[in-house]
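A short write-up of the structure that comes next.
The values are calculated or read from the model by the stated rules, or taken from the named source; none is laboratory data. What you are looking at is a predicted structure, and each value in this text was computed from that prediction instead of being measured. Note that each Cβ is placed from the backbone with ideal geometry, even for glycine, and that neighbours are counted across all protein chains shown. The accessibility values were calculated without ligands, DNA or RNA, using every heavy atom of the protein model including side chains. Shrake-Rupley method; radii C 1.70, N 1.55, O 1.52, S 1.80 Å.
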Amino acid sequence: MVAFGFHASHEQFAPSQLLRYVQEAEQAGFTRAMCSDHFYPWSVGQGQSGFAWSWLGAALQATSLPLGVVTTPGYRYHPAVLAQAGATLAEMFPGRFWVAVGSGELLNEHITGEAWPPKPERNARLKECAEIMGALWAGGHVTHRGLVTVVDAQLYTRPAQPPPLVGAAITPETAAWLGGWADALITVSQPRQRLRKVVDAFRAGGGEGKPMYLQAHVSYASTMAEAQAAAQAQWRTNVFPSAVLAELPMPEHFDALAATARPELLGEAIRISPDLAQHCAWLEEDIALGFDAIYLHNVGVNQSAFIEAFGGRVLSEFD
């Protein structure tokens with residue numbers, strides 16, 4: 001049976017607010033959660049950017065939910081440091097923590113001053129980092145010199161079971177590539193045929209039988225006008241192809257680009273509706289594609305209303 005999770009958006013809310021929301025989500029019937037890991041928000045108007053790893057420890061302690069994070073090793077975070085952070089949380093909260101890794105966005109990673117390479121090199125660096133993290137979790141003594149450098153690294157605090165290393169992909173090409181080495185896939189909602197291609201590519205690339213997670217962006221409100229306004233205000237910067245989003249360095253650049261967005265792009269990236277039956281229908285389609293867990297991200301600021309409505313009238317439809 002599919003599990004439903006709550007997505008905690010650090011770009012939109014202060015960490016203290018997000019902690020309350022994830023507790024509300026558990027009380028309402030959500031059975032897991034995940035969060036983003038940004039240095040900057042996607043737009044100036046979102047206005048937040050808490051440190052995900054501090055928050056994760058608090059959220060795991062404050063709830064009984066399994067939690068995951070989508071992060072980027074190799075730039076802001078050295079892979080040995082990420083491995084230590086993941087091992088610590090997995091030791092403290094056995095079976096409740098997973099790490100998803102992706103090739104990242106310049107928005108978050110440029111702060112170190114390191115050159116931002118093209119996508120093929122970012123993927124190669126990601127694979128190196130994933131192998132380093134896996135070796136450290138397995139108890140290895142790691143020295144590695146390649147696109148990243150590790151010298152004499154070994155973790156003394158390790159969990160009995162290492163956290164799953166999930167691969168983040170938006171395109172079929174990336175999904176196929178990580179199918180052979182990631183423990184699971186996480187992707188985002190997009191038009192049905194494009195999403196199906198991502199799923200098929202992951203399975204064909206070596207992911208057959210591995211778990212698949214979906215982050216579904218929704219905009220729920222009491223009226224269509226309110227739902228559309230919330231999507232426009234909070235998530236209009238995220239409607240462009242991933243190849244574009246990965247190359248913009250500052251929130252102001254995302255805002256400038258969003259001013260040029262065609263209105264129909266918003267509906268392709270976000271499921272906008274006040275109709276809970278329509279949201280159920282969208283989720284039925286996701287389940288048919290084979291997703292094991294669906295993490296719902298309501299892009300508006302009305303989180304408590306969303307949690308109450310979906311907990312009471314959507315999640316119960318899938319019991």
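Before moving on, here are some points about what is shown:
- Any chance A277 is touching a residue at least 60 places away in the same chain (Cβ under 8 Å), among the small types (G, A, S) and either in a helix (DSSP H, G or I) or closer than 20 Å to F13 by Cα (or both): no
- The criterion of being over 20 Å from E91 (Cα atoms) and either open to solvent by less than 10 Å² (accessible area, probe 1.4 Å) or more than 19 Å from the chain's Cα centre (by Cα) (or both) holds for A124.
- In the range 1-39, residue surrounded by the fewest Cβ atoms within 10 Å (Cβ to Cβ) [restricted to those that are of a type in the set (S, T, Y) and touching a His at 6+ places or on another chain (Cβ under 7 Å)]: S36
- Taken over the range 149-167, the residue count meeting the criterion of being crowded, with 18+ Cβ neighbours inside 10 Å and in contact with a helix residue (DSSP H, G or I) (Cβ under 8 Å, 6 or more places away or on another chain) is 9.
- Which listed residue is small (G, A, S) and either open to solvent by 40 Å² or more (accessible area, probe 1.4 Å) or in a helix (DSSP H, G or I) (or both), from G312, G290, G300: G312
- Members of the range 40-56 that are surrounded by 16 or more Cβ atoms within 10 Å (Cβ to Cβ), touching a helix residue (DSSP H, G or I) at 6+ places or on another chain (Cβ under 7 Å) and closer than 15 Å to Q12 by Cβ: Y40, P41, W42, S43, Q46, G50, W55
- Test: residue in the range 262-282 that is open to solvent by less than 60 Å² (accessible area, probe 1.4 Å), of a type in the set (D, E) and over 24 Å from R20 (Cβ atoms): no
- Residues that are under 19 Å from A230 (Cα atoms) and open to solvent by less than 20 Å² (accessible area, probe 1.4 Å) are absent from the range 69-80.
- Some residue of the range 58-66 being touching a Ser or Thr at 6+ places or on another chain (Cβ under 8 Å), under 20 Å from H297 (Cβ atoms) and surrounded by 24 or more Cβ atoms within 10 Å (Cβ to Cβ): no
- Sub-8 Å Cβ pairs linking a first residue in the range 69-86 that is under 16 Å from S103 (Cβ atoms) and modelled with pLDDT of 95 or more to a second residue that is aromatic (F, W, Y) and open to solvent by 20 Å² or more (accessible area, probe 1.4 Å), at least 6 apart or interchain, are V69/W53; T71/Y77; R76/F39, ordered by first then second residue.
- Only a single criterion out of (1) assigned to a helix (DSSP H, G or I); (2) more than 18 Å from D37 (Cβ to Cβ); (3) within 23 Å of the chain's Cα centre (by Cα) is not satisfied by A135, namely (3).
- Whether a residue is of a type outside the set (S, T, Y), more than 16 Å from A221 (Cα to Cα) and either in contact with a strand residue (DSSP E or B) (Cβ under 6 Å, 6 or more places away or on another chain) or in a helix (DSSP H, G or I) (or both) was assessed, and L283 passes this test.
- In the range 96-120, the residue that is surrounded by the fewest Cβ atoms within 10 Å (Cβ to Cβ) out of those that are assigned to a helix (DSSP H, G or I) and touching a Leu at 6+ places or on another chain (Cβ under 7 Å) is L106.
- For L214, the conditions (1) within 18 Å of the chain's Cα centre (by Cα); (2) open to solvent by less than 10 Å² (accessible area, probe 1.4 Å); (3) farther than 21 Å from M1 by Cα all hold with the exception of (3).
- Filtered residue count, the range 2-16, keeping only those that are more than 17 Å from the chain's Cα centre (by Cα) and in contact (Cβ under 8 Å) with a residue 12 or more places away in the chain: 2
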